Each structure stands twice: as C-alpha cells, then as structure tokens.
1. Looking for something in contact with a helix residue (DSSP H, G or I) (Cβ under 6 Å, 6 or more places away or on another chain), polar (S, T, N, Q), touching a residue at least 40 places away in the same chain (Cβ under 8 Å) and outside any strand (DSSP E or B) - is there at least one such residue anywhere in the range 44-62?
2. Please name all residue pairs, on different chains or six or more residues apart, with Cβ atoms under 9 Å, provided the first residue is in the range 67-88 and is more than 18 Å from T101 (Cα to Cα) and the second residue is small (G, A, S) and surrounded by fewer than 19 Cβ atoms within 10 Å (Cβ to Cβ).
3. Might you check whether a residue that is within 16 Å of the ligand (Cβ to nearest atom) and over 18 Å from the mean Cα position of the chain (by Cα) occurs anywhere in the range 130-140?
4. Of all residues in the range 1-30, which are assigned to a loop (DSSP other than H, G, I, E, B) and of a type in the set (A, V, I, L, M, F, W, C)?
5. Determine if the range 2-13 includes at least one residue that is of a type in the set (V, I, T), touching a strand residue (DSSP E or B) at 6+ places or on another chain (Cβ under 7 Å) and under 25 Å from R190 (Cα atoms).
6. So the check is Cβ under 9 Å with 6+ separation or different chains; which pairs have a first residue in the range 135-146 that's free of Cβ contacts under 8 Å to residues at least 24 places away in the same chain and a second one that's aromatic (F, W, Y) and within 11 Å of the ligand (Cβ to nearest atom)?
7. Quick one: which of T101, T33 is surrounded by 13 or more Cβ atoms within 10 Å (Cβ to Cβ) and either of a type in the set (A, V, I, L, M, F, W, C) or under 22 Å from T215 (Cα atoms) (or both)?
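None of the figures in this text is laboratory data; all of them are computed from the coordinates on show. Worth saying up front: this structure is predicted, and the values here are computed from it rather than measured. Heads up, the Cβs are rebuilt from the backbone with ideal geometry, glycines too, and the neighbour counts pull from every protein chain shown.
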Amino acid sequence: MALNVVFLGPPGSGKGTQAERLAGSRGLWHVSTGAILRACVRDGFGPDGTAGNPELVRQTAAILKAGQLVPDDLMMVLIREALAAVPAGSSGWLLDGFPRTAPQAEGLISLLAELGSDEPVVLEIFVPNEEIVRRLSGRLTCSTCGHVTAAGLAVEGDPCRVCDGHLAMREDDRPETVRNRLAVFREKTRPAKDVLAARYRFERIDGLGSPNDVTQRIASVLAAAG
Ligand SMILES: [Zn+2]
C-alpha cells in the first residue's frame, strides 16, 4: 500500500523542512503547491515538471502575476494533474500546501476516490502561536544594503556590519504583523482541516523542539499506522 500524506501547518511550523525530509526518506512524490505555482510563473511548466497543459499554465501565471489568489477550481485542476502524474506502483505522494479551503478539501476527497488513491494520512505540525511569532519576527534589515540580521543579535538603529547604513525592522517582521497573519491563516484554513480530519486518519504532531525531534515524532506516528 502506498503512503500518501497530506501535510498541514502554517508558515513557521517547520512544515516545509519536514515535508522534504519525509518525501526524501520514504521516496514520496512531493507535490508542493508553492513549487507548482512558482514553476507556472517562472518556466511556464506544468505541475509535473513537463510542458504540462500550456493553457492552464498560462492562465495560472496570469492570475499570479496580477497578484490575485488562484481560485479553488483552478487549484483543483492543478492538483489533479499533479496527482495523476504520480506513477502507479510508486511509494506514494506527499501533498504540501493544499488544501487551504473547505471546497478544496471536499474536492480532494472526491479526486482521491476518483483516482482510486490509497487513503492519505493527514499530518498537522502544531506549534503554538507565540512560538511561531518568536521564530518569524524580530529580524532587522539594513535600510541601505538590505543585509538581514537574525532576531536577538542587534536592536533597531544599530549600525550595519556590511555597509555604513543602520538596521530597522521591516513591517513584515514585526511581531504584531506576524501574529495577525498567523491568525488569518488559522481561521481561513481550519475548515479545510476539519473536513479532512472527519474523513481520514488525522494526526497532530508536536512541532516544538529541534527539527530532528519533530522528524522522529513523525516517523513514530507513521510506524504506528502500520
Ligand atoms: Zn547595510
């Protein structure tokens, strides 16, 4: 039986790192919506890394270049192409960055039934809000050369180590901005999680500690799945 995994978690949860590790160690096809969308814009390539469906790619690139959100129905088509491109008899796939809405989650359930895919395990990397804020906020950026200094190593107004400019905190890196973005993310994606959790095996992974700790927890949970 293939190991199919839907990975959930906000930016700052360590989801991307864990997704790459799991895909690498288990030989899973890593289907990342971020990578698919970037490829559409950058190369005009389809989701499976080939020429794909040129019309679909053009349409997606135009939406992203206009700064708009890719609508659910187009997102579904892209995911369908990506999952349909996974060869039969492979070890499985790992879906990263999708679904983000309840309609996408419902669409995924129908799609997997239609493709005859083995039921996925849904893994949510859970990290408390304040820890994510701590991880993602506080960086200081030189307003002259753009050199970035990690949080805690300097304060606003300190001189830059690279040029004769000074360090300032970008709006995006302020704790309150990160906190707000995280609240919006959780509120918007919760319905998708609820739909999946009601249908498939759902596991919440403690995302605190070192990346190796989290990798170990994921391995244990999957081993328990059999
Ligand atoms: Zn500088």
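1. Looking for residues that are in contact with a helix residue (DSSP H, G or I) (Cβ under 6 Å, 6 or more places away or on another chain), polar (S, T, N, Q), touching a residue at least 40 places away in the same chain (Cβ under 8 Å) and outside any strand (DSSP E or B), one finds none in the range 44-62, hence no.
2. Taking only residues 6 or more apart or on different chains, the pairs are L83/S117; A85/G49; V86/A2; V86/S117.
3. Pass one, the range 130-140, residues within 16 Å of the ligand (Cβ to nearest atom): 139-140.
Still in the list and also over 18 Å from the mean Cα position of the chain (by Cα): 139-140.
The answer is yes; a qualifying residue exists.
4. Here is the first cut: in the range 1-30, the ones assigned to a loop (DSSP other than H, G, I, E, B) are 1-4, 9-14, 27-28.
Hits for the range 1-30 are M1, A2, L3, L28.
5. Taking the range 2-13 and keeping what is of a type in the set (V, I, T), we get 5-6.
Within this subset, residues satisfying the condition of being touching a strand residue (DSSP E or B) at 6+ places or on another chain (Cβ under 7 Å) are 5-6.
Cutting the leftovers down to under 25 Å from R190 (Cα atoms) gives us 5-6.
Yes, the conditions are met somewhere in the range 2-13.
6. none
7. Numbers: T101 fails: either of a type in the set (A, V, I, L, M, F, W, C) or under 22 Å from T215 (Cα atoms) (or both).
The conditions single out T33.
The rows are residues; the columns are (1) within 16 Å of the ligand (Cβ to nearest atom); (2) among the β-branched types (V, I, T).
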site	(1), (2)
R100	no, no
L115	no, no
E119	no, no
V122	no, yes
H147	yes, no
R161	yes, no
G165	yes, no
P175	no, no
